[in-house]
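Asks: Before we start, here is the structure in question, set down as C-alpha cells.
The values are calculated or read from the model by the stated rules, or taken from the named source; none is laboratory data. Please read these numbers as outputs of a predicted model, since none were measured by experiment. Cβ coordinates were reconstructed from backbone atoms using ideal geometry, including for glycine residues, and neighbour counts include every protein chain displayed. Ligands, DNA and RNA are excluded from the accessible area calculation, which covers all protein heavy atoms including side chains. Shrake-Rupley method; radii C 1.70, N 1.55, O 1.52, S 1.80 Å.
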Amino acid sequence: MERQNIVYFAADQMRADTLHHLGNTASHTPNLDALAAEGVSFRNAFCQNPVCVPSRCSFLTGLYPHTMGHRTMHFLQNDDEPNILKTMKQNGYEVVWCGRNDVVPADKSKEAYCNDYYSGFDLDALQKRSAAPAAAGSPDNLYSFYLGDTTGAMTMENGDDNIVNHAIEYLEARQKNGSDKPFFLYVTLGFPHPPYGCSKPFYGMTDREALPPRRPDLSATTGKPGMLHGIHDKQQLTGWPEERWSELRATYLDMTAKFDDLFGRLKAKLTETGVDDQTTIFVFSDHGDYTGDYGIAEKVQNCFDDPVCNVPLIVRPAKGIPCNPRVTTALAELVDLTATVADLTGIDPGYRQFGKSLLPVIEGVCDEHREAVCCEGGRIYGEEHCMEKGHGPESPYWPRLSTQASENGEHTKAVMYRTHKVKYVKRLYEDDELYDLEKDPMELTNRIHDPQYAETARECQLKMLDFMIETGDYVPVRRDKR
C-alpha cells in the first residue's frame with residue numbers, strides 16, 4: 001500500500017454545531033464546508049472526555065480515558081504508553097507536531113513522538129494574559145470569558161497564526177528539498193477555546209440576528225447534576241439579556257471563522273506543494289463548549305450534554321481511497337481516529353486498541369458505525385490530586401474548578417452511553433441521567449425516575465457494563481525474557 005500523508009487539524013473546544021454545513025446558517029466555515037464536500041462529515045462524532053488532556057491522551061492512543069487512568073488535566077502520558085505520533089515515526093513517517101501539547105509532560109523531550117515540535121509559544125500563559133482585561137469589569141464579565149474585539153491584543157490567535165505558518169513553512173521546505181518521505185502533520189490550534197475574543201476582520205463576521213436557539217437556562221431543566229448547578233451559581237450569568245448572550249455566542253463563531261480561515265491557508269499550501277492528492281485530512285476538536293447553553297460558559301469535567309461532547313469530525317481521504325462524500329449520521333468516536341489511520345496506511349499499532357476504522361462509512365458501504373458512543377469524567381471522593389486546586393476567585397476558571405475541588409459531591413465520577421435515541425449517564429454518587437433525545441434534543445428533562453423509561457435505563461446499564469469490562473484495561477505487548 002502506498003504510504004499516503006496524514007494531516008490532523010485539531011481545534012480546541014469546538015462544538016459540532018458551529019459548522020455551516022451542519023446547519024448553523026450564522027457561521028462562516030467555507031473551507032471546512034468545502035472539505036466536507038470532498039469527504040465525509042460526521043454529524044454524530046463524540047469525544048471521550050469533555051476536557052483537553054484526557055481527550056487528547058485518548059484520541060492519540062485509541063484507548064478510552066479510563067483504560068489508562070486519564071481523567072484529570074494533571075495526568076499526562078507515561079513514557080511507555082502508546083501514541084499514534086510515536087507509532088508513525090517508528091514506521092518511517094516524518095512527524096511534525098505544531099501547536100498545543102496537553103499530552104506529554106512539558107519537561108520531557110518530544111523526540112520519541114515527532115521529528116519536529118513547535119508550540120507556537122506559551123498558549124497557557126497567553127490564555128491568562130488575554131483573559132485579564134475582563135477582570136477589570138464586573139465578575140460576570142470575568143466568569144463569562146467574554147472579550148469581544150481583540151484587534152491589536154496579544155492572544156491565542158497570534159499563537160494559532162504562528163502554528164499554521166510553521167506548518168506551511170515545513171511544506172515549503174519539503175517541496176524545496178524534493179523530499180518524498182511520507183509525513184504526519186499534527187496541527188493543533190487554540191481556537192475557539194475561551195476567552196471569547198477575536199480580531200477583525202473575523203470579529204463581527206457572524207450575524208448576531210441569525211444565531212440558532214440557545215438551550216434554556218438551567219432553572220428550566222430537571223435532574224441535572226450538581227457540577228452544572230455549582231458552575232451556574234458561581235458564574236452569575238443569569239441576569240444577562242439575550243442580546244448579550246448572542247454577542248458572546250457570535251464571537252465564539254467569529255473565532256471558528258478564524259479557525260476555518262487558518263485551515264484554508266494550510267489546505268491551499270497542500271495543493272500548491274503538490275501533496276494534497278496524496279494526503280488524508282482529519283479535522284476535529286478535542287471537545288466542545290457550553291457557550292451560553294443552560295446559562296453556562298466554557299466547559300465542564302464530568303457532564304456530557306451534546307454541546308461539550310459532540311464535536312466536528314471531517315475526513316477527506318487521499319485520492320484513490322474510495323469515498324462517498326456526504327454528511328453522515330453514523331455514530332463515531334475520536335478513539336476511531338487511530339484505527340482509521342492504521343487501516344489507511346497498513347501500519348500495525350502493535351497493541352490492542354478500542355477504536356473502529358471509519359473507512360466503511362467513508363467508502364459509503366454503510367451509515368451505521370457504532371451502536372452507541374461513550375464519554376466519561378469525574379473523580380471518586382478523596383482523590384485530591386484530581387481536583388486541580390489553586391484557582392482563586394480572581395481566575396475566570398474559579399467557578400468550575402472550585403466546584404470541582406469541593407467535597408459536596410458535585411465532581412462525581414460518571415460515564416455516558418449515548419445512542420441515536422437516548423442518552424444515559426451513570427453517576428457514582430448522584431442520580432443517574434436519562435434523556436429521550438427524540439422528544440427532548442436539548443436534554444432538559446431527566447427521565448431516570450420515570451417508570452416509562454425503566455426498561456430503557458436497564459438496557460443502557462447492561463450495555464455500559466459490557467463496555468467497561470471490555471475496555472477496562474489493555475495488556476501491553478511485552479513478556480518476561482525468561
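Asks: Accessible area per residue, 1.4 Å probe, Å², for the stretch 307-420: what's the number?
Replies: On a per-residue basis, the stretch 307-420 sits at 35 Å².
Asks: Which shape class, rounded, prolate or oblate, goes with the stretch 348-405 when its Cα gyration tensor gives a ≥ b ≥ c as root eigenvalues, a/c under 1.5 marks rounded, and past that a/b bigger than b/c marks prolate? Numbers along the way, then the final one.
Replies: On the way: a/c = 3.44, a/b = 2.52, b/c = 1.37.
Prolate is the answer for the stretch 348-405, as a/c is 1.5 or above and a/b outweighs b/c.
Asks: Considering only DSSP states other than H, G, I, E and B, which GluC sites (Glu not before Pro) in the stretch 295-392 qualify as loop sites with at most 16 other Cβ atoms within 10 Å?
Replies: Values: sites: E298, E333, E363, E368, E371, E376, E383, E384, E388; in loops: E298, E368, E371, E383, E388.
Hits after loop and neighbour filter: E368, E371, E383.
Asks: Got a sec to turn the phi values of the stretch 284-298 into Karplus ³J(HN,Hα) couplings, 6.51 cos²θ - 1.76 cosθ + 1.60 with θ = phi - 60°, whole Hz, x for Gly and Pro?
Replies: 6, 10, 6, 5, x, 7, 6, 6, x, 4, 6, x, 10, 9, 6
Asks: How do 452-463, 307-318, 264-275, 144-155 rank on mean C-beta neighbours within 10 Å, highest first? Could you put the intermediate results ahead of the total?
Replies: Values: 452-463: 14.3, 307-318: 25.6, 264-275: 16.6, 144-155: 19.0.
Top of the packing list down: 307-318, 144-155, 264-275, 452-463.
Asks: Calculated from DSSP H runs of 4 or more alone, at -39500 (n - 2.57) each and per residue, what is the 222 nm mean residue ellipticity of the chain, nearest 500?
Replies: After summing the helix terms and dividing by the residues of the chain, the value is -10000 deg cm²/dmol.
Asks: Running Debye on the chain with equal point scatterers at the Cα sites and no solvent, what base-10 log of I(q)/I(0) appears at q = 0.10, 0.11, 0.12 Å⁻¹?
Replies: Debye output, listed in q order: -0.71, -0.88, -1.07.
Asks: Against the 2.2 N^0.38 Å scaling, with N counting residues, where does the stretch 243-360 land? I'd like the Cα-based Rg ratio to two decimal places.
Replies: In units of the 2.2 N^0.38 Å rule of thumb, it is 1.28.
Asks: Follow-up question, since we're still on this one. With just the Cα atoms defining each centre, how far is the stretch 221-243 from the stretch 343-395? Give it in Å.
Replies: The stretch 221-243 and the stretch 343-395 have Cα centres spaced 27 Å from each other.
Asks: On to the next question. Do you know the relative contact order of the chain, to the nearest whole percent, from alpha carbon pairs under 8 angstrom that are 6+ apart?
Replies: 25 percent
Asks: Okay, next question. Report the Stokes-Einstein translational diffusion coefficient (µm² s⁻¹, integer) for the stretch 1-61, Rh taken as the Kirkwood radius over Cα pairs, at 20 °C with viscosity 1.002 mPa s. If you can, show how the numbers build up before the last one.
Replies: Details: Rh = 13.6 Å.
In µm²/s, the coefficient rounds to 157.
Asks: Just how large is the dipole of the stretch 335-482 about the Cα centre, in debye to the nearest 20, putting +1 at every Lys and Arg Cβ and -1 at every Asp and Glu Cβ?
Replies: On the way: 20 positive and 29 negative charges, 129 e Å.
Magnitude of the dipole: close to 620 debye.
Asks: What are the principal axis extents of the Cα atoms in the stretch 432-482, in Å, biggest first?
Replies: Principal extents (Cα only, largest first): 59, 21, 16 Å.
Asks: Compute the semi-axes of the equivalent ellipsoid of the stretch 10-103, taking the square root of 5 times each eigenvalue of the Cα gyration tensor, and list them largest first in whole Å.
Replies: 28, 18, 11
Asks: Check cross-link reach from K110 to the lysines: straight Cα distance under 19 Å, and skip same-chain residues fewer than eight apart.
Replies: Result set, ordered by chain and number: K86, K89.
Asks: When the accessible area of the stretch 145-218 is split by element with a 1.4 Å probe, what percent falls to carbon and sulfur?
Replies: 49 percent
Asks: Provide, in order from the shortest bin, the percent of all Cα-Cα pairs of the stretch 294-344 in each 10 Å bin, continuing until the bin that contains the maximum pair distance.
Replies: Computed distribution, short to long bins: 17, 43, 25, 14, 2.
Asks: With the contact rule set at Cα under 8 Å and sequence spacing of 6 or more, what percent relative contact order holds for the stretch 275-346?
Replies: Computed value for the stretch 275-346: 35 percent relative contact order.
Asks: Related question: Which percent of the accessible heavy-atom area of the stretch 348-468 goes to carbon and sulfur, probe 1.4 angstrom?
Replies: In the stretch 348-468, the share of accessible area belonging to carbon and sulfur is 51 percent.
Asks: Considering only DSSP beta bridges whose two residues both sit in the chain, what percent are antiparallel, to the nearest 5?
Replies: 40 percent
Asks: Would you work out the charge dipole size for the chain about its Cα centre, treating the Cβ of every Lys and Arg as +1 and the Cβ of every Asp and Glu as -1, and quote it to the nearest 20 debye?
Replies: Result for the chain is approximately 840 debye, rounded to the nearest 20.
Asks: Further question: Among the listed pairs K389/K439; K356/K413; K258/K439; K258/K421; K200/K389; K269/K356, which are separated by more than 28 Å between their Cα atoms?
Replies: K389/K439; K258/K439; K258/K421; K200/K389; K269/K356
Asks: The stretch 330-473: D in µm²/s via Stokes-Einstein (Kirkwood Rh, Cα pairs, 37 °C, 0.692 mPa s)?
Replies: Translational D for this selection: 184 µm²/s.
Asks: So if I take the centroid of the Cα atoms in the stretch 306-325 and the same for the stretch 413-482, what is the distance between those two points in Å?
Replies: A separation of 25 Å, based on Cα centres.
Asks: Let me ask something additional. As I understand it, the dipole of the chain uses +1 on the Cβ of Lys and Arg and -1 on the Cβ of Asp and Glu, about the Cα centre. Which of A112, G204, L32 lies farthest toward its positive end?
Replies: Highest projection toward the positive end goes to A112.
Asks: A further question follows. Starting from the Cα gyration tensor of the stretch 150-282, multiply each eigenvalue by 5, take the square root, and state the resulting semi-axes largest first in whole Å. Walk me through the numbers before you get to the answer.
Replies: Working: eigenvalues 302, 57, 36 Å².
Value: 39, 17, 13 Å, ordered largest first.
Asks: As I understand it, the dipole of the chain uses +1 on the Cβ of Lys and Arg and -1 on the Cβ of Asp and Glu, about the Cα centre. Which of L22, H229, N44 lies farthest toward its positive end?
Replies: N44
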